[in-house]
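Chemist: Could you have a look at this structure, given as structure tokens, before my questions?
The values are calculated or read from the model by the stated rules, or taken from the named source; none is laboratory data. Since we're looking at a predicted model, the values are computed, not measured. Here Cβ is always computed from backbone atoms with ideal geometry, including for glycine, and neighbour counts include all displayed protein chains. To get the accessible areas, we keep the full protein, side chains included, count just its heavy atoms, and leave off ligands, DNA and RNA. Shrake-Rupley method; radii C 1.70, N 1.55, O 1.52, S 1.80 Å.
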Amino acid sequence: MNSPEKKIPPPNKTKMTAKKLKILLAIAYGNLFLGSCYSLMAPIYPAEAEKKGASATAYGLVFGVYQLAMFLSAPIYGKVIIVLKPGFLMKTGMLVSGVCVILFSFLEYAPPGLPFIALSIVIRGVDALGASAFLTASYTTLGCELPDVIGRAMSIVETTFSVGLAIGPVIGGILYEAGGFSLPFLVVGALLLTGTVVNMFLFTDTDDVPPQSISVRQLLANIDFLIDIMAISVCFAMLGFNEATLEPHVRQFQLTPTTIGAIFLISGVLDAVSAPIWGIVAEKVPNAQILIFIGGILFIVCFLIVGPVPFLPFPTSVTMVLVSQVLLGLGMAGQIISSLTHGMKLTVERGFPDDVGTYGLISGLLFSSACFGAFFGPTIGGILIDHVGYRYATFAVTVVETIVTAICGLRLLFRALRKKPHPKNVEEPVEKNIEHQSQKSIDQINGKNTDEPNGKSIELPNIKSIDQLNRRNTDERNGKNIELPNGKNIDERNGKFVDDLNEKIINEPNEKRFDLENEKNR
């Protein structure tokens, strides 16, 4: 006798293996210093540009080209990632970004005026292309390698990027005082190149990637995915608006530069601290759009009180500014993590392939939407401040956020009223249901049971045979068919009719009695 085969238990997909941990740490490392590179310029580049004779408009373009290049390149990376592979994009993206940051350190030797600005724009733009490649590939890798802990993974990456944004100006200021304009860029660029070497050993991309079977049009055909895109785009627009306009707003309080810097730090700290919590909750709730809605409410309250908007009766105060920055940090962590997590999970639940091509396209679209918001927010914010002032400008951006949040809330309400799962436990396709019912009917028509003692096949009580329909029975002794009156049987021994419903069946052979009892039950 062969021994039974041992069943191998399925792997625990939620377990954080050593490989997954290495991938997560490598991505977090890259996000930390890419965030630092992005914010590194803020305290040191404007002063150097003014020494070279550049205007505020000119060096403002240097800051804006970074987000613009990311916005344009992210969807392209999302399409070509199945050919170039995520590991290759991560390694080359970090390499390009690190080299560009180091090259930026030599701009102090560039000729003043237009050459300085032109070189700054070119280097900064190429740097953005490298950063976009790394970030798009990193989100794709998280979706492929850690799908069941995607919320926590996203929260860790978001936390490290936020920490990078927060410490970038601090690192830049300290190193600038120690070694001038070049030193901050040389140090951070070298750290990025170190991360490139680490990634060469972590990402091999030896497996073949299937062709991409999903298009941008298919993704955008879903209202829930469109809500994710709108939410993350408006979220980054609000963040950009706040960064560009808050400092002129708080000048009226005559605060020191250190205090103003601490005010900006509040939102970053709250974002970094609350991101893991948002990530865990995003994994647990059946529909992460609930968190997007909550994040939108926090944003609305933030920009209602920071000014405040004209129709609120209380005056501007430092307390309201501080409270608004707390709400801003909590809201942006909720909306960013929930939008990314929901967008990836939703697309796979809709039936699209759970592969690199799908995650790459999702990451590209969501990241591009975020970059568009980050580019659009400061631009529109500056125009509004110049024309209508800060309080009416905050009212305008609050209206935009209210519209997006209302759409999200109505969608959640509509789904709740329909009591439709999201979109798990979806009904079987109509074709499968029809096939199942047809097979069931056939089984009922042909359904037979076996008389175990005699080995004969008898019909089930609820199935009528053809003989019954024709009111015929078979004389088992002589094989003749004789007509039956309604509800009667022929007593073959005495020729009398016996009422099946009232007469007891006695003195019959076991085989005959069984058949008659079965006939009576019908």
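Chemist: Please tell me if F372 is at pLDDT 85 or above and more than 11 Å from the chain's Cα centre (by Cα). It would help to see each step written out before you state the result.
Modeler: Details: at pLDDT 85 or above: yes; more than 11 Å from the chain's Cα centre (by Cα): yes.
Yes.
Chemist: Could you grab the pairs with beta carbons closer than 9 Å, sequence gap of 6+ or different chains, first residue in the stretch 278-301 and within 19 Å of L413 (Cα to Cα) and touching a residue at least 12 places away in the same chain (Cβ under 8 Å), second one open to solvent by 10 Å² or more (accessible area, probe 1.4 Å) and outside any helix (DSSP H, G or I)?
Modeler: These pairs meet every condition: P286/P421; P286/H422; P286/K424; N287/H422; Q289/H422; L291/V285.
Chemist: Can you tell me which of V149, V80, V122 is more than 30 Å from P46 (Cβ to Cβ), without any contact (Cβ under 8 Å) to a residue 60 or more places away in the chain and out of contact with any strand residue (DSSP E or B) (no Cβ under 7 Å at 6 or more places or on another chain)? It would help to see each step written out before you state the result.
Modeler: Details: V149 fails: without any contact (Cβ under 8 Å) to a residue 60 or more places away in the chain; V122 fails: more than 30 Å from P46 (Cβ to Cβ).
It is V80.
Chemist: Among residues belonging to the stretch 314-335 that are touching a residue at least 40 places away in the same chain (Cβ under 8 Å) and open to solvent by 10 Å² or more (accessible area, probe 1.4 Å), point out the one that is nearest to G296 (Cα to Cα).
Modeler: Checking each candidate, the answer is M332.
Chemist: Among the residues of the stretch 299-313, write down those that are of a type outside the set (G, A, S) and either open to solvent by less than 40 Å² (accessible area, probe 1.4 Å) or outside any helix (DSSP H, G or I) (or both).
Modeler: F299, I300, C302, F303, I305, V306, P308, V309, P310, F311, L312, P313
Chemist: State the number of residues belonging to the stretch 43-62 that are under 25 Å from G268 (Cα atoms) and open to solvent by 60 Å² or more (accessible area, probe 1.4 Å).
Modeler: Total satisfying the criteria: 2.
Chemist: Next question. Are any residues in the stretch 377-389 surrounded by fewer than 20 Cβ atoms within 10 Å (Cβ to Cβ) and either closer than 30 Å to I76 by Cβ or in contact with a His (Cβ under 8 Å, 6 or more places away or on another chain) (or both), and if so, which ones?
Modeler: Listed by number, the residues that qualify are T379, I380, G382, I383.
Chemist: So, one more: Among (1) modelled with pLDDT of 75 or more; (2) acidic (D, E); (3) over 16 Å from the mean Cα position of the chain (by Cα), there is one condition D228 misses while meeting the rest; what is its number?
Modeler: The one condition D228 does not meet is (3).
Chemist: I'm trying to understand the selection: among the residues of the stretch 245-261, which are part of a helix (DSSP H, G or I) and open to solvent by 50 Å² or more (accessible area, probe 1.4 Å)? Give the steps one after another, and end with the answer.
Modeler: Restricting attention to the stretch 245-261, the residues satisfying the condition of being part of a helix (DSSP H, G or I) are 245-253, 257-261.
Hits for the stretch 245-261 are E247, P248, R251, Q252, F253, P257, T258, T259.
Chemist: Considering (1) over 30 Å from K79 (Cβ atoms); (2) open to solvent by less than 40 Å² (accessible area, probe 1.4 Å); (3) among the aromatic types (F, W, Y), say which one F352 fails and leave the rest.
Modeler: Every condition holds for F352 apart from (1).
Chemist: Exactly one of these conditions fails for E48: (1) part of a loop (DSSP other than H, G, I, E, B); (2) at pLDDT 80 or above; (3) of a type outside the set (S, T, Y). Give me its number.
Modeler: Going through (1) part of a loop (DSSP other than H, G, I, E, B); (2) at pLDDT 80 or above; (3) of a type outside the set (S, T, Y) one by one, E48 breaks only (1).
Chemist: Right, here's the next one. For the stretch 56-74, how many residues are of a type in the set (G, A, S) and farther than 28 Å from L84 by Cβ? Talk me through it step by step, then tell me what you get.
Modeler: Initially, the stretch 56-74 is screened for residues of a type in the set (G, A, S), giving 56, 58, 60, 64, 69, 73-74.
Next cut, farther than 28 Å from L84 by Cβ only: 56, 58, 60.
Selection size over the stretch 56-74: 3.
Chemist: OK, next. Checking the condition of a type in the set (F, W, Y) and under 17 Å from E158 (Cβ atoms), which residue from F293, F299 passes?
Modeler: Selected residue: F299, the only one of F293, F299 that is of a type in the set (F, W, Y) and under 17 Å from E158 (Cβ atoms).
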